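Since the structure comes first, as structure tokens, the remarks are kept for the end.
The values are calculated or read from the model by the stated rules, or taken from the named source; none is laboratory data. Quantities reported herein were computed from a predicted structural model and do not represent experimental measurements. Positions of Cβ are generated from backbone atoms using ideal geometry, with glycine treated the same way; all protein chains shown enter the neighbour counts.
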Amino acid sequence: MKPLFEPLTMGYDWEMAVLKETMESVGEEEIIGLSDEVRNALPWCRVGIDEDLLEARLGVVKRWDELVRKNTEYMEVARKLAARKKCVLLPIGSRPTEQCSIGSHIHTGTCSDLPRALALKNRMMRYVPVFVAIAANSPVYRFASGEYKSYRISTNADWCSDPQQPFHPRLGRGTWGEDITVKVWWNNTVELRCCDSASDVNLMCELTLLTAGLMHGLSDDLDVETMECTEEDVRWTAINRWRAAKYGLQAKLIWDGEERPVAEVARKVIDIADEGMSVLGAGRRDLSVIGMMLKKRQTQADFVSAIQRSDPDPHSLMRTIATIYEKDHDAFKKYLEIAPALPAIEAMSIEAFLLSKITREMSAFEVGVRTPLSPYDFDRVIEKLEAEGKVKVEMDEKWGRRITRT
């Protein structure tokens, strides 16, 4: 059987804010103008606008050295042109004071077999929490902080990165907006949408390489006759995704029936990705930033939280972050060199978490959307809490179930 990816290629849609000196968005018209200037300067670049964000698109990339060169060149040119317009280009996972999640969407190609791509999507599901943990970069969101390292994923990226559901490879058509999105019919790629926007250029390259390498490593012997994944796989992947968003690289995941630190699981991901990375002209030695992150369990979210401790006001925090990255594009790498190693954290139970979000007469949807659970598993947890006398469930003609913490 021919390879699923022929040839193996990679690319991304890297979203970033374009801000006035006051840290407000410059607006769509200015962003469109900036993207036009970048394309004129770099004809190979397909940069454009996505709502109120600049979205970098390098096109189809076949080699690691090409990815690094184009990524570096794009950022240098885009920053220089933004500065001429007296605005700030800032890749970050979220704006601290606004509802605006910002992501890095990574594409692996080239692929034309939709059923096998859907089978790969099912296989990739369990690995999503690893990427959520590594890419966590939104610890402050709409004035909230302290509960998640990726508020972006905790809100499903404002409906743009939803928890994945399995599809039967022979019967599925694919959907847009899930953590793994099969785009075979319109651009020949399988897309990973769960990563927060990376502030570090080196990390963006490494995440792209690791994603393509992993998808290559998982693409052998794909079964289009079954979904492969079990109910338990789906259930634990959802909970692991929540843990990764909450604890970043300090999370512990349920993996093969055991609880393991996500950093340990990530090293297994690198093992699987090794052959694909070699095809792209790279190897695990090129994952230097990710290697340091796994060693210390530190993420970009931890870097932002460290800055926040000295500048807690969300408005000025944005300015401080922008200033740091304007002055030193390698600020995160330098932080990693001096940052302490963090411990793995014991996760709270999903029942305790769910109970903490219930107040008075909340609709089932209002509660359920705060969780990673499928509606079926959510109902089982509510039934358990009701049987224990911890919640009261009443029916409303208009709103259906209304849930109150007792």
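Within segment 237-249, is there a residue that is in contact (Cβ under 8 Å) with a residue 12 or more places away in the chain and in contact with a His (Cβ under 8 Å, 6 or more places away or on another chain)?
Step one: list which residues in segment 237-249 are in contact (Cβ under 8 Å) with a residue 12 or more places away in the chain, which gives 237-249.
Still in the running and in contact with a His (Cβ under 8 Å, 6 or more places away or on another chain): none.
Checked against the condition, which is being in contact (Cβ under 8 Å) with a residue 12 or more places away in the chain and in contact with a His (Cβ under 8 Å, 6 or more places away or on another chain), segment 237-249 yields no hits at all.
Yes or no, residue by residue, for (1) touching a helix residue (DSSP H, G or I) at 6+ places or on another chain (Cβ under 6 Å); (2) closer than 22 Å to residue 245 by Cα:
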position	(1), (2)
344	yes, yes
364	no, no
386	no, no
401	yes, no
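Here are 302, 274: which of them is assigned to a helix (DSSP H, G or I), within 26 Å of residue 66 (Cα to Cα), of a type in the set (D, E, K, R) and assigned by TED's automatic domain parsing to the domain that holds residue 197? Let's see the steps before the verdict.
Working: 302 fails: within 26 Å of residue 66 (Cα to Cα).
Criteria check complete, one pass: 274.
Given the criteria small (Gly, Ala, Ser) and either without any contact (Cβ under 8 Å) to a residue 40 or more places away in the chain or within 22 Å of residue 135 (Cα to Cα) (or both), does residue 112 qualify?
Details: small (Gly, Ala, Ser): yes; either without any contact (Cβ under 8 Å) to a residue 40 or more places away in the chain or within 22 Å of residue 135 (Cα to Cα) (or both): no.
In short, no.
Are there any pairs, at least 6 apart or on different chains, whose C-beta atoms fall under 7 Å, with the first in segment 140-161 and farther than 18 Å from residue 298 by Cβ and the second modelled with pLDDT under 95 and part of a helix (DSSP H, G or I), and if so, which?
If the second residue must be modelled with pLDDT under 95 and part of a helix (DSSP H, G or I), the pairs left are 143/314.
Going by the conditions given, is residue 367 over 24 Å from the mean Cα position of the chain (by Cα) and not assigned by TED's automatic domain parsing to the domain that holds residue 231?
No.
Any residue in segment 295-314 that is on the phi < 0 side of the Ramachandran plot sitting within a Cβ distance under 6 Å of a residue that is in a loop (DSSP other than H, G, I, E, B) and surrounded by fewer than 19 Cβ atoms within 10 Å (Cβ to Cβ)? List the pairs, counting only those 6 or more apart or interchain.
Within 6 Å, the pairs are 296/339; 296/341; 298/339; 314/97; 314/143.
Among the helices (runs of 4 or more DSSP H) confined wholly to segment 115-206, which include 1 or more residues that are in the same structural domain as residue 68 (by TED's automatic domain parsing), at pLDDT 95 or above and not basic (Lys, Arg)?
On the way: elements: 128-135, 151-154, 156-159, 184-187.
Helices (runs of 4 or more DSSP H) meeting the threshold: 128-135, 151-154.
Contact list please: Cβ distance under 8 Å, first residue in segment 39-60 and on the phi > 0 side of the Ramachandran plot, second residue not acidic (Asp, Glu), pairs at least six apart or on different chains.
59/11; 59/44; 59/45; 59/46
Restricting segment 238-293 to residues that are of a type in the set (S, T, N, Q) and crowded, with 21+ Cβ neighbours inside 10 Å, which is nearest to residue 212 (Cα to Cα)?
Taking segment 238-293 first, the residues of a type in the set (S, T, N, Q) are 240, 250, 278, 288.
Next, only the ones that are crowded, with 21+ Cβ neighbours inside 10 Å stay: 240, 250.
Numbers: 240: 22, 250: 24 Å.
By that ranking, first place goes to 240.
Criterion first (part of a helix (DSSP H, G or I), in contact with a helix residue (DSSP H, G or I) (Cβ under 8 Å, 6 or more places away or on another chain), closer than 16 Å to residue 136 by Cα and not polar (S, T, N, Q)) does residue 290 satisfy it?
In short, yes.
Mind listing whichever residues of segment 207-219 are in a loop (DSSP other than H, G, I, E, B) and either under 10 Å from residue 106 (Cβ atoms) or of a type in the set (Gly, Ala, Ser) (or both)? Before the answer, list the steps.
First, the residues of segment 207-219 that are in a loop (DSSP other than H, G, I, E, B): 218-219.
219, the sole residue that qualifies.
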